[in-house]
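*Asks:* Starting off with a structure, shown below.
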Amino acid sequence: MSDKYCVIGNPIAHSKSPDIHAAFALETGQDIVYERCLAPLDGFADTVRGLIARGYRGANVTVPFKLEAADIATRLEERARLAGAVNTLRFEDGEIVGDNTDGPGLVADIVRNAGVPLAAKRVLLLGAGGAARGVVLPILQHGPAAIVIANRTRATADALVEHFAGQLAHPGQLSSCGFEDIGASFDVVINATSASLSSAMPPVPALAFCQGTLALDMMYGKTPSPFMQFAASHGAAVRDGLGMLVEQAAEAFAIWRGVRPQTASLLEQMRSKL
Ligand code: ATR
C-alpha cells in the first residue's frame with residue numbers, strides 16, 4: 001500500500017501541494033499518495049489525530065494552522081522552534097515531529113534557482129510576522145554580512161531581532177528599523193509582508209534597490225506584485241514566491257522520503273500554468 005501524506009489547511013481547495021508532490025513522486029519513483037485535507041477551524045488537533053489513526057506518515061500544514069501545528073508537535077526541529085511555526089509534520093514512533101521548510105525553501109530558491117549566494121551579502125527583510133520569522137535562521141546559516149528587518153510596526157521588528165540574538169555569528173549581523181530609516185541599497189530585498197495579498201506594497205524607499213539587487217516577493221500570481229513592479233523599475237532583478245513554494249515542498253519531500261526531487265522543470269511548468 002502507498003504511504004499516505006496530505007496538506008491540512010482551511011481553505012485548502014486552492015492548494016498546489018498535491019500536484020507538486022505527485023510530480024516529485026513520479027520523478028523519484030516513490031510510492032506515495034498525497035491529498036488535500038480540510039480541517040475545521042476549531043478542529044486541527046483532532047484532524048491530525050485522525051490522520052495518525054488512519055496510518056498517514058506525515059502532513060504539510062498551511063494557513064491558518066502553522067502555529068497550532070507547532071503547539072501539538074511532541075518534538076520540534078530547531079528551525080521550527082525558532083520560526084515558532086510548523087509547515088511539515090512527520091508521524092513516527094508515536095511522535096509528532098514538527099519542522100519548518102518555508103525558510104529553507106526560500107533560501108534554496110535564492111541560492112540555487114536564482115544563483116545568488118547569500119554569504120557576505122546585505123539582506124533587507126520587509127515584515128516581521130510569521131513569514132519573516134521563518135526565514136531569519138535559514139538566511140543566517142548562509143553567513144550574510146547583515147540582515148536588516150524593516151517593519152511598519154517597529155516594535156515587532158525589534159522583538160524579532162531580540163528573539164534571534166543568540167544565533168548570531170557576530171553582533172550587528174541582525175538589526176531592525178522602520179521603513180523610513182532604510183538609507184542604503186541592499187543585495188537582496190525580501191518582501192515577507194502580507195501587503196501583496198491586498199495588492200498593496202510596503203513603503204520601501206527606491207534607494208533600497210540598485211542594479212544587481214535581487215528583489216523577491218514571497219507571494220506569487222499571474223502578474224508581478226506592486227512590490228516587484230516597483231523594485232524592477234528601480235533596477236532590481238525580481239522574483240516571486242513560486243520558487244519558494246516548490247522548494248519548501250521539495251525539502252518536505254526529502255524529510256519524509258530521504259530523496260531530494262529535481263525542481264527546475266516543475267517550476268517552469270507551473271509558471272506557464274499560472
Ligand atoms: P504572515 O504570517 O503572513 O507573516 P502576519 O504574521 O500577520 O502574517 O504578518 C504580516 C506582516 O505584514 C507584518 O509584518 C505586517 O506589519 P505590522 O507588523 O506593522 O502589522 C506586514 N504588513 C501587512 N500589510 C502591510 C502593508 N500594507 N504595508 C507594510 N507592511 C504590511
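*Asks:* At a threshold of 8 angstrom on Cα-Cα distance, excluding pairs fewer than six apart, so keeping six or more, what relative contact order does the chain reach in percent?
*Replies:* On the way: 551 pairs, mean separation 42.7, N = 274.
Answer for the chain is 16 percent.
*Asks:* State, as an integer percentage, the relative contact order of region 1-118 based on alpha-carbon contacts under 8 Å between residues 6 or more apart. Please report the intermediate quantities before stating the final value.
*Replies:* Details: 182 pairs, mean separation 26.8, N = 118.
Computed over region 1-118, the figure is 23 percent.
*Asks:* Using mean Cβ contacts within 10 Å as the protection proxy, how do 103-109, 266-272, 87-93 order, highest first? Numbers along the way, then the final one.
*Replies:* Numbers: 103-109: 24.4, 266-272: 14.0, 87-93: 20.0.
Going from most to least packed, we get 103-109, 87-93, 266-272.
*Asks:* Here are some pairs, 16/66; 66/222; 222/273; which of them have Cα atoms lying more than 20 Å apart in this structure?
*Replies:* Values: 16/66 17 Å; 66/222 26 Å; 222/273 9 Å.
Violating the 20 Å Cα-Cα cut-off are 66/222.
*Asks:* So, one more: Tell me, which cysteines of the chain are without a disulfide-compatible partner by the Cβ under 4.7 Å rule?
*Replies:* Result for the chain is 177, 210, no neighbouring Cys Cβ within the cutoff.
*Asks:* Suppose R0 equals 25 Å. What FRET efficiency, 1/(1 + (r/R0)^6) with r the Cβ-Cβ distance, do residue 13 and residue 254 give to the nearest 0.05? All intermediate terms of the calculation are to be shown ahead of the outcome.
*Replies:* Numbers: r = 26 Å, r/R0 = 1.06.
Here the calculated transfer efficiency is 0.40.
Where a number appears in this text, it was derived from the coordinates with a stated rule and is not lab data. The structure presented is a predicted model; accordingly, all values stated were derived computationally and were not measured. We place every Cβ from the backbone using ideal geometry, glycine too, and count neighbours over all the protein chains shown.
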